[in-house]
Structure formats: structure tokens, C-alpha cells
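Down below is the structure, laid out as C-alpha cells.
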């Protein structure tokens, strides 16, 4: 056995005999599985890249040689070999390292990265800076798991081919994205695998790269030999390695999509420790869309490499057939495609995580909103209780979408309202519509909601009172109701409003509040800066008769925060809000 605690840096890896490196890889894989089964994380990508990481650190000299990991979801072994092994060995220390590369953690990390297709561009910037400064050293970009389908990856490759100096791209080809790969580039990767890299039709050579193929990308001896050949290369080169996603853990090898990312699981069986039960908003969306597809042959569901965002596991993708489109990890293309489908008379629904929709801002504005095409976008995991890594925050979809003219942005409060809004959006043909899918339980509430939202920007008053009006947006409407209940126990009969729309204001209702109210409180599960509440405050302006208090999330990059702690900090808790409101009312 190898004393893993003694590995403090890549120098300790280099000190090992080559014959011990396969043993090191297996022991690292075992440590990975122990942590991943307890805490969750990216399982398959990391298990398949263990040997390659050991070989990279054996041959290259990090941090002088710089290794950039696309998405960072293949970087766990890298972290263990660069002084952070304690964050993987001791359950009490699991939280001291995050799931992505982070320059604050180590000099061996150069960027905080969590989105895809970025490593080549970032690494190319390092390479060009090296050349401008007259320095030496290898620059290595690692990319895989479907990231080549992203437009930025092509742009980086296209530009890098002209560098004329050292630049190494390691393509980790495990034949998978999160789900199966989609796009013509993967046909070429298949051809290259089938011909042992000898096919004349070679995507990378066509762009101007030298090219080396490694048929067994999990064989350390071959990797050491290959990386030795390209070290200090004087021109850009692609090393294309064929790896097994999930290697060394049979459930992950057999169920690659399920184990791309997983919550805690039973190591013996691979079954999740905390399986979801009952309906989810993902399953509700999927079932609605499948039903829509059966009644309307033009109904289409679109994903940009994350079919699970709307519940489309493999069996449901097969059921949908050609009415389900996975564009690969290409959010920009997905939005423009949806706009084109809508203009062509189809009924597209694009399901996307809030954090990834940011990548398509220009397309939302130019390709969709200006053209006014009635595509529907389902925005998932938006808000404090969505994702909580610094690279995956869902705080900014409200400011982003609501400030683009022409897009209707709806924020339902519960299951029934979501389904009503979704059906209206898919049936109407007048506007591009985005719907922020609620967080939390999708259990039925028994409430009924309107089915027509074509009279835009009409708020709904759910409780009529006086003195204070609480406008609770989407996920936080329940908080508005809870706060009103507490205020009632303090003798204040508050008005509660469900705005439904955040892309515009119901100025008629806002004006009507002036007669019986002196305070308006807005609650939104998103950034205060540029958000809905600031629009309300701006509308009332310097009105002497109305004070506005705006509550929401801070304009900060937060990492692995406690959602409950963040909400407390922002006073987004009924008792804290009640105290603030009573103080404001005097």
C-alpha cells in the first residue's frame, strides 16, 4: 500500500517508481468512491480520469506547467495529488475542498471553473501570456464529457491552432456527455477511435493541430509515454485518449448517465441513499410535454446536454423520439434553435438550469426577444435553495430575463399555478415566455389558478388588508403569506400579492395601494440588484405616501453556503420580516 497522506505535492508522485503508479491509481480511486458515496459529487468523470491525472503529474511539472480542467468535474484526483488529500481521506475534512478547481485552495489551480467548454480558451490565454512574457512551461487544457459540443470549445481550438508555440489539449473521450453525446463532431471521434486515430478525416488536424491517439486512456504506461512525447512541444497538439467513464466501479460503468453526478449512494449496490419520492417539477414537466407531443406533432422539448433537468431519462427520450432534441452543451444554439422552431410553426420548450442560461444572454435578446417568437423556456433551480456552488448560482435569472424587452417572465408559486402557466405558454403564439420552475415540493395544494395570462403584468391580490402590502414573488409567496399571518397576530392586517409576472409591473394595482397602505415590501428569491423589487421601488420613486422595503439575495459570489443561513442573513424569514415591518410601521 502507498501512504496517501505522504503525498503533499506532485513531487511526491514523481518520487514513486513507475511500477507503483497503477497501485496509486487504484488506491486513489478507492478513496474517491468512499467520499463520493458519502457526500455525492461527480462520480463517473473522476473515476475515468484517475490514471490520466497520475500520468500528467508524473510527466509535467505543476504549477510551472499549468493544467486547466474543463468544468473541473475531472479534477478530484488532481486535488488529491496537489496537497489536498486530507479533504478526501477524513470525513470530518470532506468540506475543506470544493468540487471545482479553485486558486484560493492551491497554487496548482489557476481558475475557478464550473461551466463547460471553457478550458481551451482559458488555457490559451495563459499560453499567450507566457509567450508575451518570454517564459517557458507547458500549458495543458483537459476537456471531455461532451464539452467539445460547446461553441466556446470550437472557438478556442480554432484560435489556438494559430499559436505557433507549446499548447497541449488532452481530449478525454469517454463517449459520453452527461447523457449520450450529440453532434457531428462525435461521429468524427468515433471514426478516430475505430481507426486507431489513423482516419484521414480528422477534426483536430483539419484545424491545424498535431494529433496523437491513445486507444487505452486508462493505461498508465501508455499515457506516460505519450505525455513524454508531447512535453515541451513547440506547436499545438491534441492528445486524444479513449477512457472508460466510471472506471473501477461497476454501477458507474453500467449506468454512466446516472453516475455522471450523484448524491450520496450505497457503495455496495449503487442505489441512492436519499431517493426522491412522489412527483417532482421535473417529472411534471416531462409528463406534460410527452402528453403535448402526442396531441401535437410540432411540440418539441430541447435540452443543452442536461436532459434530467426536465425529467427525460433515456426511456422517456426514446418515447419522445424526434420530438426530443439534445443539442449538446450549447445553450446559445438551444435558444436560437427554439426561436427558429417557433418561427417555423413548431411549439418548442427549452428546459435549462438557471445558472447555465446565463451563457445565452445575447441569444435571449437578439435571436428570441427582438424577433418575438413564441418559444417557451423553463428555468430550473433558480433561487437560494437551488445549487449552491459559486459556479452554479441561480440568483441572476430574474435580473437577466426581466430586463430584456419583449420576454414574458412568469414566476408560479406552486404546482397548480406552474401547470396553468406552462399550458398557457405552450398554447399561445404571441410572446416568448420564460417560466421559473418552483423549488421544493411539487405536492398538490388544491388551489385553482387562471388559465389565461395574455393580459400581461396583472398581479393577483391573494389577501386584502391595509397599511402594509407584501409582494411575494414565486418561491417566496409562501413567505409573504407566513409573514402576513404573524403580522395578524400583532394586530396588522397585511395585504399579500402574487405578482405572477416579473417582466412588468401592474401599475394600476400599485397605484391603488396608495389609498390604504404606507408600506410595500417585496420578497424575491434572486438578486436584489436589478431585480423585481427595485422596479417596484423605482416606480414609487419619491412618493411621500409610500415607503418600499426590498428583500432578496445579495449581489455576491457565494460558495457552498447554507441556504437557511443565507435567508436568515437577508431577513428572509417570517419572524425577522415581521419585526422589520413592525418597526417600519412605527
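The values are calculated or read from the model by the stated rules, or taken from the named source; none is laboratory data. In this text, all values refer to a predicted model and were calculated from it rather than measured experimentally. All Cβ positions, glycine included, derive from the backbone under ideal geometry; neighbour counts span all protein chains shown.
Looking at 7, 68, which is the one that is crowded, with 20+ Cβ neighbours inside 10 Å and not assigned by TED's automatic domain parsing to the domain that holds residue 92?
Just one listed residue meets the conditions, 7.
Identify, please: which residue in the range 128-145 is surrounded by fewer than 24 Cβ atoms within 10 Å (Cβ to Cβ) and touching a helix residue (DSSP H, G or I) at 6+ places or on another chain (Cβ under 9 Å) and is, among those, nearest to residue 335 (Cα to Cα)?
Ranking the qualifying residues of the range 128-145, first place goes to 138.
When you look at residue 393, is it buried (at least 22 other Cβ atoms within 10 Å of the Cβ) and under 17 Å from residue 474 (Cβ atoms), yes or no?
Yes.
It is to be established whether one or more residues within the range 376-391 are in contact (Cβ under 8 Å) with a residue 40 or more places away in the chain and in a helix (DSSP H, G or I).
Of all residues in the range 376-391, those in contact (Cβ under 8 Å) with a residue 40 or more places away in the chain come to 376-386, 388-391.
Now narrow it down to the ones that are in a helix (DSSP H, G or I): none.
No, that holds for no residue.
Filter the range 487-525 down to residues that are over 40 Å from the mean Cα position of the chain (by Cα) and not in a helix (DSSP H, G or I) and give me whichever is surrounded by the fewest Cβ atoms within 10 Å (Cβ to Cβ).
It comes out as 491.
Which of the residues belonging to the range 471-508 are more than 21 Å from residue 403 (Cβ to Cβ) and out of contact with any helix residue (DSSP H, G or I) (no Cβ under 8 Å at 6 or more places or on another chain)?
Within the range 471-508, 477, 478, 480, 481, 484, 488, 489, 491, 508 qualify.
Assess whether residue 484 counts as being crowded, with 22+ Cβ neighbours inside 10 Å, farther than 29 Å from residue 557 by Cβ and at pLDDT 95 or above.
yes
Restricting attention to the range 396-408, does a residue exist that is under 14 Å from residue 525 (Cα atoms) and not in a helix (DSSP H, G or I)?
Yes, that holds for at least one residue.
Output the residues belonging to the range 435-469 that are outside any loop (DSSP other than H, G, I, E, B) and in contact (Cβ under 8 Å) with a residue 60 or more places away in the chain.
Hits for the range 435-469 are 436, 467, 468.
Take residue 73 and tell me if it is in contact (Cβ under 8 Å) with a residue 12 or more places away in the chain, touching a strand residue (DSSP E or B) at 6+ places or on another chain (Cβ under 7 Å) and assigned by TED's automatic domain parsing to the domain that holds residue 228. Before you say what the answer is, go through the steps one by one.
Values: in contact (Cβ under 8 Å) with a residue 12 or more places away in the chain: yes; touching a strand residue (DSSP E or B) at 6+ places or on another chain (Cβ under 7 Å): yes; assigned by TED's automatic domain parsing to the domain that holds residue 228: yes.
When the stated conditions are applied, residue 73 passes them.
So that you can scan it fast, the table gives a plain yes or no per residue for (1) touching a helix residue (DSSP H, G or I) at 6+ places or on another chain (Cβ under 7 Å); (2) closer than 26 Å to residue 50 by Cα:
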site	(1), (2)
195	no, yes
200	no, no
206	no, no
214	yes, yes
233	no, yes
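Among the residues in the range 34-47, are any closer than 23 Å to residue 139 by Cα, at pLDDT 95 or above and in the same structural domain as residue 253 (by TED's automatic domain parsing)?
Yes, there is a match, as at least one residue in the range 34-47 is closer than 23 Å to residue 139 by Cα, at pLDDT 95 or above and in the same structural domain as residue 253 (by TED's automatic domain parsing).
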